[in-house]
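The values are calculated or read from the model by the stated rules, or taken from the named source; none is laboratory data. The shown structure was predicted, so the numbers you read here are calculated from the model rather than taken from an experiment. Positions of Cβ are backbone-derived with ideal geometry, glycine not excepted, and every protein chain shown enters the neighbour counts.
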Amino acid sequence: MIACSMLTSLLSSTLIKCLANEDIIVHGDRRDHARYLLGLAVASILLAGTTVLCLSHQRELMLAPVSPRRKYYILMHLFPFVVAASCWFQVAVPELAVGTLLVQEIWEALALHYFGLTIIDLMGGPETTVRILAQREPQGMFGRSRWCVPPCCCAVALLPCAFRDGTTVFNGAALQKMRAMIEQYCYVAPIAASVTTLLDFNTHQRQVHFEGLFQVELLMQLLQSISMFCCLQALFTLYRATHDVLHRFKTTSKFLSIKLLILLSLIQKTLVVSRMQPRNPGIVGVFGAMVATMVDLSEALVNSAFPLKELGGPLKPASLSSWLLPA
């Protein structure tokens, strides 16, 4: 899989260099049919590479016994494909780029949520997680020292008490607080992204300009940023608290693969926004193709970080709909 990803990335990077030198990749530039088709070909190659890697590993995961963990792994493996598809739409149909970001926002929130659930599942469930961490944490140590992680780091002492765990040991309330801070992003992100998408459509497609709409859009973006801040703060804290216990599951590689995808997702959103008011659409197109190349590599990283052996190995063939049902 990794060899296939490297081959695809090498081929695509060669094409990108050629296209960049000639300023060929122009998002949706149908005024020059040849340039548009060539840019679409590059985006399609990258999307095809990501799709092959995704489907090959999905097929392996479908052979594992039905369990909540398998559902988490399958959904997280689809996240690179969603980002790659968004890159393809940005090049092929730029009019739909903002709409595809809505799906990308939802999947990003789901990926963060299911990664938190994966950590708890690897620990053996909520009760086992509380029991193990309560025994490992010395009295008075869990709290400000454990919450001192990115994105706010040691500035957590300046935040409201909701961000500072006042208990002396890790207990059910601390775990519930983490889960709530992670899960709330699954509700806030789709709502904020939907409102922002609607406002962008009115502003850029229908050419409707109102000062109030701009203020609402800024408010939604601020709300989504705060929500993601809280989610990442709790996720970092949970990861740090369970890192030593789950060392054999290589949670660091899992965490890094998710962080890389979130970073690429943020870059992708920035490129779509840049496409709204392009100063140099050719350069934006080149960077869009480079993001797609990195997504192709990140798919291989996710495949290796969430292997089939952690699900108990293949026992029997499974249907595509079985993992959608409650385990």
In the set 78, 53, 40, 46, the lone residue that is closer than 30 Å to residue 200 by Cα, in contact with an Asp or Glu (Cβ under 6 Å, 6 or more places away or on another chain) and modelled with pLDDT of 75 or more is 46
Expected single match for surrounded by 20 or more Cβ atoms within 10 Å (Cβ to Cβ) and not in a helix (DSSP H, G or I) among 97, 64, 111 is 64
Answer residue from the stretch 48-60, given it is surrounded by fewer than 21 Cβ atoms within 10 Å (Cβ to Cβ) and among the aliphatic types (A, V, I, L, M) and is farthest from residue 117 (Cα to Cα) among those | 48
Any chance the stretch 218-231 includes a residue that's more than 17 Å from the chain's Cα centre (by Cα), over 18 Å from residue 136 (Cβ atoms), modelled with pLDDT under 85 and not basic (Lys, Arg)?
-> yes
Kindly check whether there is at least one residue in the stretch 118-138 that is modelled with pLDDT of 75 or more and touching a Pro at 6+ places or on another chain (Cβ under 8 Å).
-> yes
Residue that is farthest from residue 215 (Cα to Cα) [pool: residues in the stretch 173-187 that are surrounded by fewer than 19 Cβ atoms within 10 Å (Cβ to Cβ) and under 19 Å from the mean Cα position of the chain (by Cα)] = 179
Give me the pairs: first residue in the stretch 91-116 and within 19 Å of residue 180 (Cβ to Cβ), second residue of a type in the set (Ser, Thr, Tyr), beta-carbon distance under 8 Å, and six or more apart or on different chains, which are they?
-> 108/265; 109/185; 112/185; 113/185; 114/72; 115/72
Check on residue 91, part of a helix (DSSP H, G or I) and at pLDDT below 80 = yes
Test for residue 237: is it at pLDDT below 85 and either surrounded by 14 or more Cβ atoms within 10 Å (Cβ to Cβ) or of a type outside the set (Phe, Trp, Tyr) (or both) = yes
Within the stretch 191-217, restricting to residues that are of a type in the set (D, E, K, R) and at pLDDT below 70, the one that is farthest from residue 97 (Cα to Cα) is 211
